[in-house]
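Written below as structure tokens is the structure these notes are about.
The values are calculated or read from the model by the stated rules, or taken from the named source; none is laboratory data. None of these values were measured; they are calculated from a predicted model. Glycine gets a Cβ as well: all are built from the backbone with ideal geometry, and neighbour counts include every protein chain shown. Note: areas computed on protein heavy atoms with side chains; ligands, DNA, RNA excluded. Shrake-Rupley method; radii C 1.70, N 1.55, O 1.52, S 1.80 Å.
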Amino acid sequence: MDNTKRLRAAQNKMTRETFFELVQIRTKFAGIFPFVIAVLFTNTYFQAFHPGKTLLFFFGMFAFDLAITAINNYMDFVKAHSEKYKYEENVIGRENLSEKQIQQLIFGLVGFAAIIGLILVVQTGWMLLPMGAACFFVGVFYTYGPIPLSRMPLGEIFSGITEGLGIFAITIYLNTYDQRLFYMELTMDHFAVTGNTLAVLAVVWAALPLMLTIANIMLANNLSDLEQDVENHRYTLPFYIGREWGVRLFNVLMYSCYGVILIGLFAGIYQWPILLTFVSLLKIIPQTRRFTKEQIKNKTFPLAVENLIVFNSCYALGLLVTLAMQII
């Protein structure tokens, strides 16, 4: 019996362990950083916080993040050209999971996130609708469709902007909507988008380190999977610029984060405790050097994930100390 017939004949129910692997639950901690840092930034820079709306958004954001990862694994399974990858490495083929059950799970998670989004639109205003819709569009079509965004050389840009800026900006908006720092008026015969230019620039600048570190995760993943991606007809950025330039870009993105922090400090976006971010260099430098030497999925790719966690943990710590000083 071939792999396809075997898969259809003996499909298994999804267990908690296979669900966690399908949605890659271990990676979700890193994905929470844009939300956490945005909450800290809105408190330190805008002195505004709406805990109820923030918590509600967190549940919707987390559900959508799970859905996107499930879509990613499902589409990799469906579009795989390598039998070995499809039935031995991908969790769906390896565990003989029901495609229908996975589709129902994805629709359920996306639907739950959409309902929460619409509730928040009613509570806070129309501006949230295009912001959320843009994140939904990029998230879903990142791996879904005839030409997914992840299979293009723009995957790093889309992931960095959507997760690093999108989640960050929405969290800021939910906590400052009553200040109308960026706001949309919409009636049947009129619409207008207004905002505070300096506030918007501060939000974008504070989100830059998140955008860069998240894009670097995607870049590191694509560097580690370069040969396998080509085998499965996925032509990502490293395929076009080459492994050597891809590794150079990895270094530039990582160390540029520290330049963003310094410029933000001098511009008044941060206060001096943000310099605690530079403590992360003790870990970042040796790990970046190791990844520069070799890009192996199960050996050095975790170093790129650790870079994101270490840098953004120190970033969050700097904002937390700033908040503590303001309270005291």
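Quick notes
- Any hit, the range 268-284, residues being touching a Cys at 6+ places or on another chain (Cβ under 7 Å) and under 25 Å from VAL200 (Cα atoms): yes
- Within the range 214-229, residues that are under 19 Å from SER256 (Cβ atoms) sit with their Cβ atoms under 9 Å from residues that are open to solvent by less than 20 Å² (accessible area, probe 1.4 Å) and among the aromatic types (Phe, Trp, Tyr), at 6+ positions apart or across chains, in these pairs: ILE214/PHE33; ASN216/PHE250; LEU219/PHE250; ALA220/PHE250; ALA220/PHE291; LEU223/PHE250; LEU223/PHE291.
- Boolean, THR54 is among the polar types (S, T, N, Q), open to solvent by less than 20 Å² (accessible area, probe 1.4 Å), within 20 Å of the chain's Cα centre (by Cα) and closer than 29 Å to VAL200 by Cβ: yes
- Any hit, the range 147-168, residues being free of Cβ contacts under 8 Å to residues at least 12 places away in the same chain and surrounded by fewer than 22 Cβ atoms within 10 Å (Cβ to Cβ): yes
- Output for the range 60-114, where each listed residue is in contact with a strand residue (DSSP E or B) (Cβ under 7 Å, 6 or more places away or on another chain) and either among the polar types (S, T, N, Q) or open to solvent by 30 Å² or more (accessible area, probe 1.4 Å) (or both): GLU95, ASN96
- Of residues in the range 193-228 being among the polar types (S, T, N, Q) and more than 21 Å from THR300 (Cα to Cα), the one most open to solvent (accessible area, probe 1.4 Å): THR197
- ALA267 meets all of the listed conditions (1) farther than 26 Å from HIS81 by Cβ; (2) surrounded by 14 or more Cβ atoms within 10 Å (Cβ to Cβ); (3) in contact with a Phe, Trp or Tyr (Cβ under 8 Å, 6 or more places away or on another chain) but one, namely (2).
- Positions within the range 26-51 being touching a residue at least 60 places away in the same chain (Cβ under 8 Å), assigned to a helix (DSSP H, G or I) and open to solvent by 10 Å² or more (accessible area, probe 1.4 Å), in sequence order: THR27, PHE29, ALA30, GLY31, PHE33, PHE35, VAL36, VAL39, LEU40, ASN43, THR44
- Test result for ASN175, touching a Ser or Thr at 6+ places or on another chain (Cβ under 6 Å), over 23 Å from PHE137 (Cβ atoms) and touching a residue at least 24 places away in the same chain (Cβ under 8 Å): yes
- Against the conditions (1) surrounded by 16 or more Cβ atoms within 10 Å (Cβ to Cβ); (2) modelled with pLDDT under 95; (3) polar (S, T, N, Q), THR171 satisfies every one except (2).
Results for (1) surrounded by fewer than 19 Cβ atoms within 10 Å (Cβ to Cβ); (2) free of Cβ contacts under 8 Å to residues at least 24 places away in the same chain; (3) within 24 Å of THR44 (Cβ to Cβ), shown as yes or no for each residue.
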| position | (1), (2), (3) |
| --- | --- |
| ARG234 | no, no, no |
| ILE285 | yes, yes, no |
| ARG290 | yes, yes, no |
| LEU308 | no, no, yes |
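- Members of the range 69-120 that are polar (S, T, N, Q), outside any helix (DSSP H, G or I) and farther than 22 Å from GLY31 by Cα: SER82, ASN96, SER98
- Out of ALA67, ALA114, ALA63, ALA38, sole residue that is among the hydrophobic types (A, V, I, L, M, F, W, C) and either at pLDDT below 85 or more than 14 Å from the chain's Cα centre (by Cα) (or both): ALA114
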